[in-house]
Amino acid sequence: MKLKLYPQDNRRRGQYGWRRRLLATGLIASLLIAAAVLYEGNGWIKTQPAMARRFVLENHYFVVREIQVRGGEQVSGNEIVAMAGLRHGMNIWKIDPVAIEQKIIKHPWVRRVLVRREFPRRVIIEVEERTPKAIVAAGKLYYVDGDGVLFKEVGEKENVNFPMLTGLRRQDLATSDSATRGRIRDALRLSDLMTRDSHTLSEIHFDASDRLTLYTVKFPVALRMGWGDWEEKIQRLDRVLTLWKEKESRLVSLDVSFRDQVVARLRRATK
């Protein structure tokens with residue numbers, strides 16, 4: 001069986017258009033052959049549908065010879081094929097795309113999957129994987145995607161170079177509460193804005209339902225953001241940080257949760 005793997009942003013699909021048309025022509029020709037088999041001198045034989053069924057389900061013309069897996073990176077193509085239950089020599093008519101999709105979607109890395117048959121011999125599996133945006137620390141470490149969905153426990157040797165989300169209640173995470181997912185999405189949006197502004201975050205702490213505190217990779221200063229109006233708050237934060245450039249070590253925290261002001265807390269001077 002021929003297994004082909006393609007990246008998610010596959011650009012080869014257009015190259016298969018002429019092949020699809022050719023295969024469609026072959027399929028029509030096959031059906032005409034089937035019709036001829038069922039034809040007798042007196043006309044169509046309507047009393048023997050089993051003959052047509054056997055022709056379709058047993059004819060070598062419809063044996064699967066190629067499987068294409070597109071978009072899989074975290075999950076290998078061989079793993080996808082194994083989950084799908086596909087094997088060499090299967091009749092393409094016996095393959096149920098919906099049933100295969102229901103199997104593959106159970107994999108934690110898979111966000112969406114589409115399975116389709118290209119007659120007479122090809123099966124295509126298109127996979128959209130989840131993209132980790134942060135790691136939630138709640139007893140254990142879990143990847144969370146841009147939708148605010150915790151989808152997988154972080155395994156040994158897996159990438160941990162993401163902002164850490166702390167302070168979330170385990171009971172809210174366990175019940176997949178929609179409000180909690182919304183708060184996580186807002187926090188991730190703030191993380192993207194901070195990164196765009198050259199402030200890579202190491203931690204986002206949920207102080208309460210309406211308060212976030214950030215910690216950057218560059219300096220150990222607590223940035224108390226409150227909630228909402230992120231862009232305006234980042235602008236105020238930048239103005240203050242510019243004034244304290246190369247003296248950030250004297251700062252304990254900066255609080256921009258109040259309107260039109262920044263409250264700075266300083267470290268005590270050492271003798």
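Every residue, every condition in (1) modelled with pLDDT of 90 or more; (2) more than 34 Å from the chain's Cα centre (by Cα); (3) within 27 Å of N161 (Cα to Cα), yes or no:
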{"residue": "S209", "(1), (2), (3)": "no, no, yes"}
{"residue": "V217", "(1), (2), (3)": "yes, no, yes"}
{"residue": "A222", "(1), (2), (3)": "yes, no, yes"}
{"residue": "W230", "(1), (2), (3)": "yes, no, yes"}
{"residue": "R239", "(1), (2), (3)": "yes, yes, no"}
{"residue": "L254", "(1), (2), (3)": "yes, yes, yes"}
For T213, are the conditions met, namely being under 17 Å from V144 (Cβ atoms) and either modelled with pLDDT under 90 or touching an Asp or Glu at 6+ places or on another chain (Cβ under 9 Å) (or both)?
no
Restricting to segment 195-225, give me the number of residues that are among the basic types (K, R) and either in contact (Cβ under 8 Å) with a residue 60 or more places away in the chain or assigned to a loop (DSSP other than H, G, I, E, B) (or both).
1
Please work out which one of (1) open to solvent by 70 Å² or more (accessible area, probe 1.4 Å); (2) more than 30 Å from L57 (Cβ to Cβ); (3) at pLDDT below 95 is the condition R189 fails and give its number.
(3)
Test E156 against the stated conditions and say whether it is surrounded by fewer than 16 Cβ atoms within 10 Å (Cβ to Cβ), within 14 Å of the chain's Cα centre (by Cα) and at negative phi.
no
Report whether or not R181 is within 26 Å of the chain's Cα centre (by Cα), surrounded by 15 or more Cβ atoms within 10 Å (Cβ to Cβ) and not small (G, A, S).
yes
If I ask for residues that are within 22 Å of L266 (Cβ to Cβ), in contact with a helix residue (DSSP H, G or I) (Cβ under 9 Å, 6 or more places away or on another chain) and open to solvent by 70 Å² or more (accessible area, probe 1.4 Å), which ones from segment 192-230 would you list?
K218, P220
Residues of segment 159-173 classified as more than 20 Å from the chain's Cα centre (by Cα) and either of a type in the set (S, T, Y) or open to solvent by 50 Å² or more (accessible area, probe 1.4 Å) (or both), total
4
Inside segment 51-89, can you point out the residues that are of a type in the set (S, T, N, Q) and open to solvent by 20 Å² or more (accessible area, probe 1.4 Å)?
N59, Q74, S76, N78
Only residues that are open to solvent by 20 Å² or more (accessible area, probe 1.4 Å) and assigned to a helix (DSSP H, G or I): list them for segment 90-138, please.
W93, K94, P97, V98, A99, E101, Q102, K103
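The values are calculated or read from the model by the stated rules, or taken from the named source; none is laboratory data. In this text, all values refer to a predicted model and were calculated from it rather than measured experimentally. Neighbour counts are summed over all protein chains in view; Cβ atoms, including those assigned to glycine, are modelled from backbone coordinates with ideal geometry. The area values use the complete protein model at the heavy-atom level, side chains included, leaving out ligands, DNA and RNA. Shrake-Rupley method; radii C 1.70, N 1.55, O 1.52, S 1.80 Å.
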